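Written below as structure tokens is the structure these notes are about.
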Amino acid sequence: MKMKVYVTRRIPEIGLKILREYCEVIYRDELAPPTRKELLDNIKDVDAIYCTLNERIDREVIDSSPRLKVVGTMSVGVDHIDIDYATSKGVYIVYTPGVLTETTADLAFALILSTARRVVETDRIIREGKWKLAWAPTMMLGYEVYGKTLGIIGLGRIGAAVARRAKGFRMKILYYDKIRREDLERELEIEFREIDDLLRESDFISIHVPLTNETRHLIGERELRLMKPTAILVNTSRGPVVDEKALVKALREGWIAGAGLDVFEEEPLPPTSPLIEMPNTVLTPHIGSATYDTRNRMAQYAAEGIIKVLKGEEPENLYNREVVKIRPLTKLID
Ligand code: NAP
């Protein structure tokens, strides 16, 4: 019997091709994610779900899919999946670590530069016909990046990739993480700081922790008040890591100078969000991994992970390795 995979929405062709080679694919060829009902209705007899970060794979979803063996998500973040419950039910979770690291680090650096040098705000001034004076000594001044201090929160794959870029800008690099990374401290000549010290000392702060119970609102009013009034906060991790209400207050009242944000507490960002009216923010719509090459790699990696599990092999991109003890791998396809 062929294994059945439900693909929740349109994905790059390469992922689909891999799945179709081995499985019966129920392909929802739509740009938008499925409604909750659509998702629940379509997974009743599937062996695998291929999803994105916009589908909540929780207890209800897992319980509605009694044959479910593996979930492949086209993301490195897994905060949309109830990992503990999936593991307890023997459901394998495969994800896409590594293949989007450099692309996301590029975007973090783009946000550092564009927020500091007011790239988007001044572009808008030209387009709106408001560039009246050719040049003025005190006009459109921003903040220097070269040689300044960068604080990285979460020195994992993407955090370290941002540090490598910052070295080219001769920045002093500080980091905070759950654990000391002495190998990276030596390789990148970076220094560990407790989070409060990092917030006090940095000119730029770039966030790269996953969203977990511990990191939700890691940056709130207290933390923002510790930052320099000339500092810029960049978030390409997950929106809820920053308390957005507190951030709005900080930007309005000048506790910090600006923010470059790719992720938000609510996505899409509601048009009423005060962040939109602020000149000192650069906002991008969750495009950290959005390049042609990277999305192809993600589509492929998630599909390969699903197929490996169904073949009874342990994929390198398996997130919940403990699941192997709950439901040992068995060969279900050739
Ligand atoms: P990673 O390699 O796992 O790095 C995350 C780092 O944060 C790890 O060093 C981790 O330490 C650390 N960390 C975890 N909890 C922490 C805590 N409570 N306090 C301090 N440090 C903590 O992940 P990655 O590949 O760099 O990706 C990071 C995140 O970026 C993803 O989870 C995802 O949400 C986000 N992301 C966003 C986009 C986008 O489109 N904007 C694209 C890609 C990724 P341990 O390893 O010890 O847990």
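The values are calculated or read from the model by the stated rules, or taken from the named source; none is laboratory data. Bear in mind that the values here come from a model prediction, so they are computed numbers and not experimental data. Here the Cβ is made from the backbone with ideal geometry for all residues, glycine too, and neighbour counts use every protein chain on show. Note: areas computed on protein heavy atoms with side chains; ligands, DNA, RNA excluded. Shrake-Rupley method; radii C 1.70, N 1.55, O 1.52, S 1.80 Å.
Here are some notes:
- Residue-level analysis places Val70 among those that are modelled with pLDDT of 95 or more and more than 13 Å from the ligand (Cβ to nearest atom).
- When segment 292-301 is filtered for residues that are touching a helix residue (DSSP H, G or I) at 6+ places or on another chain (Cβ under 6 Å) and open to solvent by 30 Å² or more (accessible area, probe 1.4 Å), the ones remaining, listed by number, are Asn296, Gln300.
- Matching residues in segment 13-27 - criterion: being buried (at least 18 other Cβ atoms within 10 Å of the Cβ) and not aliphatic (A, V, I, L, M): Gly15, Tyr22, Cys23
- Of all residues making up segment 267-291, the number that are open to solvent by less than 20 Å² (accessible area, probe 1.4 Å) and among the hydroxyl-bearing types (Ser, Thr, Tyr): 3
- The lone exception for Phe109 - which of (1) open to solvent by 40 Å² or more (accessible area, probe 1.4 Å); (2) part of a helix (DSSP H, G or I) it fails: (1)
- Filtering Val46, Val61 for residues that are open to solvent by less than 60 Å² (accessible area, probe 1.4 Å), assigned to a loop (DSSP other than H, G, I, E, B), modelled with pLDDT of 95 or more and not small (Gly, Ala, Ser) leaves a single hit, Val46.
- Out of Val61, Val91, Val76, Val145, sole residue that is within 30 Å of Glu189 (Cα to Cα) and away from the ligand (no atom under 16 Å from the Cβ): Val145
- Here is the figure for segment 256-266: residues that are open to solvent by 10 Å² or more (accessible area, probe 1.4 Å) and closer than 16 Å to Thr215 by Cβ total 2.
- The listed residues are Glu304, Glu314, Glu253, and the only one of them that is more than 16 Å from the ligand (Cβ to nearest atom) and either without any contact (Cβ under 8 Å) to a residue 12 or more places away in the chain or surrounded by 23 or more Cβ atoms within 10 Å (Cβ to Cβ) (or both) turns out to be Glu253.
- First in segment 155-172 and on the phi > 0 side of the Ramachandran plot and within 13 Å of the ligand (Cβ to nearest atom), second anywhere and in a helix (DSSP H, G or I) and among the basic types (Lys, Arg), Cβ under 9 Å, 6 or more apart: none
- Top-ranked residue in segment 312-334 [being touching a helix residue (DSSP H, G or I) at 6+ places or on another chain (Cβ under 8 Å) and in a helix (DSSP H, G or I); ranked as nearest to Gly15 (Cα to Cα)]: Val323
- Of all residues in segment 132-160, those satisfying the criterion of being surrounded by fewer than 19 Cβ atoms within 10 Å (Cβ to Cβ) and of a type in the set (A, V, I, L, M) are Leu133, Ala134, Ala136, Met139, Met140, Leu141.
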